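Notes follow the structure.
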Amino acid sequence: MAALNYFEYMRDFVVEILKDLVASGTLPEDQDFKQVLVEPTRDITHGDLATNAAMVLANSSGLKPQDLAGQIVVELLKLDCVFSAEVAGPGFINIVLVDNFWHARLAEVLEAGIAYGGSTLGNNRPVNIEYVSANPTGPMHVGHGRGAVIGDVLANLFAKIGYDVTKEYYINDAGAQVNMLARSLHFRYLEVLGADVGGIPEGLYPGEYLVDVGKKLVKRDGDRWQNEKECSWLKPLRLFAIDSMMSLIREDLLALGVVHDVFSSERNLVESEGVDEIMTILEDKKLIYEDALPPPKGMQLDDWEKRPQTLFRATLFGDDVDRPIKKSDDTWTYFATDMAYHLDKFRRGFRIMINIWGADHGGYIKRMQGAVKAMTETAGELDVQLCQMVNLMDNGEPVKMSKRAGTFVTLREVIDKVGKDVVRFIMLTRKNDAQLDFDLTKVLEQSRDNPVFYVQYSHARCSSVMRQAAEIFKAEEISIEALRNSDFGYLIDPAELALIKIMAAWPQTLKGAAEAREPHRIAYYLHDLSAAFHALWSKGSKENTSLRFLSEDNLPLTLARLALVKALAMVIASGLELMGIEPVQEMR
């Protein structure tokens with residue numbers, strides 16, 4: 001049974017009503033219904049849904065919005081699923097659906113299980129999501145972890161709604177930073193051999209993580225490189241260091257539950273002359289030329305040396321200035337290699353490319369989007385999502401830097417302290433372009449102010465209810481088949497229906513989160529769903545004991561409520577699965 005997206009379902013009805021009004025002459029022909037929406041009401045006391053149809057089409061019809069809305073309401077009230085519809089404000093229409101409609105959605109959840117909400121919307125179209133792509137110069141920090149979680153959950157979202165997703169990591173293993181890594185390793189290598197090397201020279205990576213790599217190098221090569229010149233050891237040590245760092249990064253990602261499908265190498269791209277090909281392509285399109293850029297804003301002319309460079313006509317594609325792809329010393333810019341990399345993605349079949357970058361790359365977006373348009377003749381789409389900083393604290397105080405990393409607290413240190421699931425959930429408690437506070441103490445508190453605990457507690461409560469039911473009733477009496485066939489007509493309390501309505505919004509939540517590239521919506525949704533469940537629990541415990549889930553002398557009522565609890569657990573588990581988090585059966 002396919003899950004019904006009831007927002008789209010009701011919009012289809014509204015559009016059919018509008019088409020009938022066109023046929024009757026009430027509305028003129030050639031109407032565009034793209035702006036007609038069916039959405040949740042801003043206040044749930046006003047109804048289940050609201051549509052702006054009359055507001056959008058009133059001008060073209062020559063009718064007042066309230067009058068057109070009145071005609072739409074007449075037709076809506078003829079639908080079996082509509083309990084009430086009324087005009088509100090300047091012409092909005094608020095709609096209340098019958099209880100049986102919501103009971104049918106509950107049946108869908110029980111039928112689909114944790115697969116509920118999935119769809120074929122993507123039609124198996126390929127989408128490439130590149131995330132993390134940290135320079136292989138050391139262990140990952142907490143900021144990398146945020147991008148890793150956002151990219152990973154976004155990939156899960158796209159897969160859930162029917163896209164063919166490839167999770168990719170781009171290794172920046174060419175350029176000056178990996179040469180500096182090799183020099184840093186050589187320093188630690190000499191240190192391990194017992195040489196008197198003094199303090200770490202300025203510019204080298206200071207982290208102690210390279211000590212272990214130096215020991216491994218000594219184990220493999222002995223003192224072979226101790227007295228050799230840099231031209232002899234730079235390349236082999238660079239390869240050894242990159243491989244060691246990528247092994248460390250993979251381990252850290254695995255600890256976070258992140259596994260990429262593809263690791264692409266910048267070095268391989270350059271060595272295979274993939275970047276040289278870019279020059280030919282752009283020359284053919286007359287999109288490059290030789291010139292010198294003006295000095296950066298604010299720089300004195302006396303401090304600026306005019307140097308001719310090979311420039312890409314980025315301004316033709318919305319950028320502020322044209323961008324260099326080759327430096328005056330005839331070496332490639334990062335922009336050139338990134339252009340080649342994205343063309344490679346496109347040639348691998350990815351028309352949709354999504355990159356997760358750190359906030360400091362914001363100024364790089366326009367030129368890359370312009371380059372993708374140029375190279376693919378607008379057939380390729382590049383979307384970039386930026387991740388803001390993570391402020392790491394412990395009980396309200398900033399956390400000091402790590403001795404191991406030298407300049408920052410490593411992601412692995414945080415995972416080891418609070419656990420993978422906590423890290424993943426907290427990373428989704430803010431929109432990716434907003435700064436995030438991560439408090440190592442508060443994220444472990446068992447209180448409603450801790451969103452991780454709040455959501456997991458709701459799943460644990462569901463499990464507790466089902467365990468108690470198993471102690472009271474026979475297994476066949478409360479089997480999943482018995483729950484599916486129970487009489488949902490018993491579920492009429494507003495708190496029970498409110499819970500079903502939120503569950504029924506799961507398909508639309510998935511669709512909206514993927515289309516907006518906002519995986520944090522999943523965490524928000526699970527929090528709202530858990531709040532509705534905890535409210536029902538409290539209502540049954542304190543205000544109205546007849547709402548308790550288990551009634552030993554009324555099996556039909558109990559079955560209906562157990563069906564509600566079981567469905568809730570399924571939706572929460574579905575959401576947590578998307579987030580890469582294991583739902584708990586009981587709190588400890």
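FYI, it's all coordinate maths here, none of it is from the lab. Model, not experiment: these values are computed from the prediction. Every residue, glycine among them, receives a Cβ derived from its backbone with ideal geometry; neighbour counts consider all protein chains shown.
Projecting the Cα atoms of VAL73, ALA50, VAL571 onto the dipole axis of the chain, where Lys and Arg carry +1 and Asp and Glu carry -1 at the beta carbon, places VAL571 farthest toward the positive end. Going by neighbour counts of Cβ atoms within 10 Å, the residues HIS361, HIS46 line up, fewest first, as HIS361, HIS46. Extending 7 Å from Cα along the Cβ direction at CYS231 and again at ASP329 yields two label points whose distance is 1.6 nm.
Taking the longest Cα principal axis of the chain as reference, the axis of helix 209-221 is set at about 60 degrees. In terms of its Cα atoms, the chain spans 86, 64, 40 Å along the principal axes, sorted from long to short.
Once you order the gyration tensor axes a ≥ b ≥ c over the Cα atoms, which shape class does the range 6-97 get: rounded for a/c under 1.5, otherwise prolate or oblate by comparing a/b with b/c? Judged from the Cα gyration tensor, the range 6-97 comes out prolate (a/c at least 1.5, a/b above b/c). The angle separating the long axis of helix 451-472 from the principal Cα axis of greatest extent in the chain is about 50 degrees. For the chain, the residue among ALA174, THR280, ASN227 whose Cα projects farthest onto the positive side of the dipole built from Cβ charges is ASN227. Of the trypsin sites (Lys or Arg not before Pro) found in the range 67-154, those in coil by DSSP whose Cβ has at most 15 other Cβ atoms within 10 Å are LYS78. For the range 176-255, the Cβ-based charge dipole about the Cα centre amounts to some 280 debye (Lys, Arg positive; Asp, Glu negative; other atoms uncharged).
Spin-label model, LEU293 to ASP493: label points 7 Å out along the Cα-to-beta-carbon direction sit 6.5 nm apart.
If you take the beta carbon distance between SER538 and LYS286 as r and set R0 to 60 Å, what does 1/(1 + (r/R0)^6) give as a FRET efficiency, to the nearest 0.05? Intermediate values should be presented prior to the final figure.
Working: r = 69 Å, r/R0 = 1.15.
Plugging the Cβ-Cβ distance into 1/(1 + (r/R0)^6) gives 0.30.
Across all directions, the shadow cast by the convex hull of the range 176-255 built on its C-alpha atoms averages 5.4 square nanometres.
What is the order of GLU445, GLU305, GLU582, fewest Cβ neighbours within 10 Å to most?
Details: GLU445 12, GLU305 8, GLU582 15.
In order of increasing Cβ crowding within 10 Å: GLU305, GLU445, GLU582.
For the range 447-579, the share of alpha carbon pairs falling in successive 5 Å distance bins from zero is 2, 10, 20, 22, 20, 13, 8, 3, 1, 0 percent.
With +1 on each Lys and Arg Cβ and -1 on each Asp and Glu Cβ, and nothing else charged, work out how big the dipole of the chain is about its Cα centre, in Debye to the nearest 20.
Values: 64 positive and 84 negative charges, 179 e Å.
Charge dipole, the chain, about its Cα centre: 860 debye, nearest 20.
Think of the chain as having a plus end and a minus end, set by charges on the Cβ of Lys, Arg, Asp and Glu; of ALA482, PHE240, ALA504, PHE240 sits farthest toward the positive end of this dipole. From the largest down, the range 482-527 spans 39, 21, 12 angstrom on the principal axes of its Cα atoms. With the simple model of a label 7 Å out from the Cα in the direction of the Cβ, LYS64 to LEU555 spans 6.0 nm. Globularity index of the range 226-310 is 1.72 (Cα radius of gyration / 2.2 N^0.38 Å, N = number of residues).
Which loop-located trypsin sites (Lys or Arg not before Pro) does the range 359-460 contain, where loop means any DSSP state but H, G, I, E or B and the Cβ has at most 10 other Cβ atoms within 10 Å? Write down the numbers at each step before the final one.
Working: sites: LYS366, ARG367, LYS373, LYS400, LYS403, ARG404, ARG412, LYS417, LYS420, ARG424, ARG430, LYS431, LYS442, ARG448; in loops: LYS400, LYS403, ARG404, ARG430, LYS431, ARG448.
The qualifying sites are LYS400, LYS403.
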